[in-house]
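Structure first, commentary second.
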Amino acid sequence: MLTIFGGHRHGGFCDSIGRRDFLTIGGMALGGLALPQILRAEATQGTGRSHKAIINVFLPGGPPHIDMWDLKPDAPAEIRGEYSPIKTTVPGMEICELFPKLAAMAERFAIIRSLSDSDGEHSAYQCMTGRKRGQQPPPGGWPAMGAWASKLKGNVNPSVPAHVSLMYKTGARGWGEPGDGGFLGMGHTPFRLVGGKENLKSDNMVLQGVTLDRLQDRDTLRSSLDRFRRQADTRGSMDGLDEFAQKAMGILTTSKLADALDLSKEDPKVVEKYGVDDPEFERDGAPRMCRNFCIARRLVEAGARVVSMNFIRWDWHGGDGMNFINSKRDFPLLDSALSSLLTDLHERGLDRDVAVVVWGEFGRTPRLNNRNSRDHWPQANCAVVAGGGMRLGQVIGRTNKYAEHPVERPVQFQEVFATLYAKAGLNLNTREFDLRGRPQYLVEPGIEPMRELM
């Protein structure tokens, strides 16, 4: 597991303006790296030059579906809240007035307004695996979305892992967990590229003194690696590493992954349109790193198959009026970052191959509480999907007049996963065997991709 820490108070992630980030190598001192196993797989199978990919954007905390994607302007004031819907470029599709950039390109995404089986837990688990936490997992656990892609498709480029994560470690632990390899094994665990607050304890071994904008300084990098190796040798951790684990260290001296992370190599005008990063962690959530949407796209271009990321903190019912105070600040950030990502994918011809999903763990109570905010509401939830060659420019499903529950086309999380898997070229009939030798599938038997999007 390679980690590049972000979240310091000065500057933004990967922006080459002097803020210090740290490289860490964790997990049994390289023995637990996802990369060695990926390299081993690469040695035994060929990979194609082009690839399908998924960007999974998790909004931790439960974003308010009724204020964002499923407004009810005819409902009483205590339900409809403060926002009005605006028309989009798709007839009949209306979204929140604070999303004008997305409204101007609604033909490039679809809204699912009828997610019906949210687990109700403050966790990224269901958005990363498609499974509910209470669902009995097989021995070894359920694999994350990216683990399936890593297992079934391998890596596109030997210096860029197939499964990577921009999920910040958060104070609320469940909001920062990208999932793992499950019963598919450690070789398909996500390659973590960001960490958490500096005061959060980490079991990673840190390579001090290497900033992202100095990755090309081979002397500094080599000395840091030498220090790490000496520390690991002292612990006896380097004993017995095979050639694939040794080769994994070479990822730090190749430019492919580093270049993808380095936004100084991007057109400044492109970077600017994503928005301004705020690397501060608010309480127990993720920071407002708008430009990570750009980095996610660059990672896919470099060869990643699945990129997961968390963005902001959306649990807003703890104070008077916080639902609307915070949304006035954060909705425009999502509007700029997501619309810029979709524009870039379209202009680069990647929208046929790269799918995007944006969602949270559950919706919010249609009726405002006595603090003029909204509480947890798993009965109804929304998702935005884009790219991937899907049929876009549509609204799927409908809730009742108060956005309380779906009344047309209820959609399960696993249906969305099945759709993303199919669009990523994964065969839903593929079976892998868990640690007890029992066959397991990407989704439960009988779950099909959403016909509306195929």
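The table for this structure:
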quantity: At most 12 other Cβ within 10 Å, DSSP loop - GluC sites (Glu not before Pro), segment 273-362; calculated: GLU280
quantity: For HIS51, solvent-accessible area (1.4 Å; no DNA, RNA or ligand), Å²; calculated: 30 Å²
quantity: Proportion of all alpha-carbon pairs of segment 339-396 beyond 18 Å (%); calculated: 50 percent
quantity: Carbon + sulfur, % of accessible area of segment 302-454 - ligands and nucleic acids excluded, 1.4 Å; calculated: 47 percent
quantity: Estimated translational D of segment 85-140 in µm²/s (Stokes, Kirkwood radius over Cα pairs; 25 °C; 0.890 mPa s); calculated: 175 µm²/s
quantity: Value of relative contact order over segment 347-433, rounded to a whole percent, pairs C-alpha under 8 Å and six or more apart; calculated: 27 percent
quantity: Accessible area per residue, Å², segment 323-369 with all protein chains present, probe 1.4 Å; calculated: 29 Å²
quantity: Selection of trypsin sites (Lys or Arg not before Pro), segment 380-421, meeting DSSP coil and at most 14 other Cβ within 10 Å; calculated: ARG391, LYS401
quantity: Packing rank of 424-436, 367-379, where each peptide gets the mean count of other beta carbons within 10 Å, highest leading; calculated: 367-379, 424-436
quantity: Separation of alpha-carbon centers, segment 393-441 and segment 164-198, rounded to whole Å; calculated: 22 Å
quantity: Pairs of lysine residues in segment 48-183 - Cα separation under 22 Å, sequence separation of 8 or more or cross-chain; calculated: 7
quantity: Electrostatic dipole magnitude of segment 96-187 [Cβ: Lys, Arg +1; Asp, Glu -1; Cα centre; debye, to 20]; calculated: 160 debye
quantity: Solvent-accessible area, 1.4 Å probe, carbon plus sulfur percent, for segment 95-199; calculated: 47 percent
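The values are calculated or read from the model by the stated rules, or taken from the named source; none is laboratory data. Please read these numbers as outputs of a predicted model, since none were measured by experiment. Every residue, glycine among them, receives a Cβ derived from its backbone with ideal geometry; neighbour counts consider all protein chains shown. Just the protein is used for accessible areas: all its heavy atoms, side chains included, with ligands, DNA and RNA removed. Shrake-Rupley method; radii C 1.70, N 1.55, O 1.52, S 1.80 Å.
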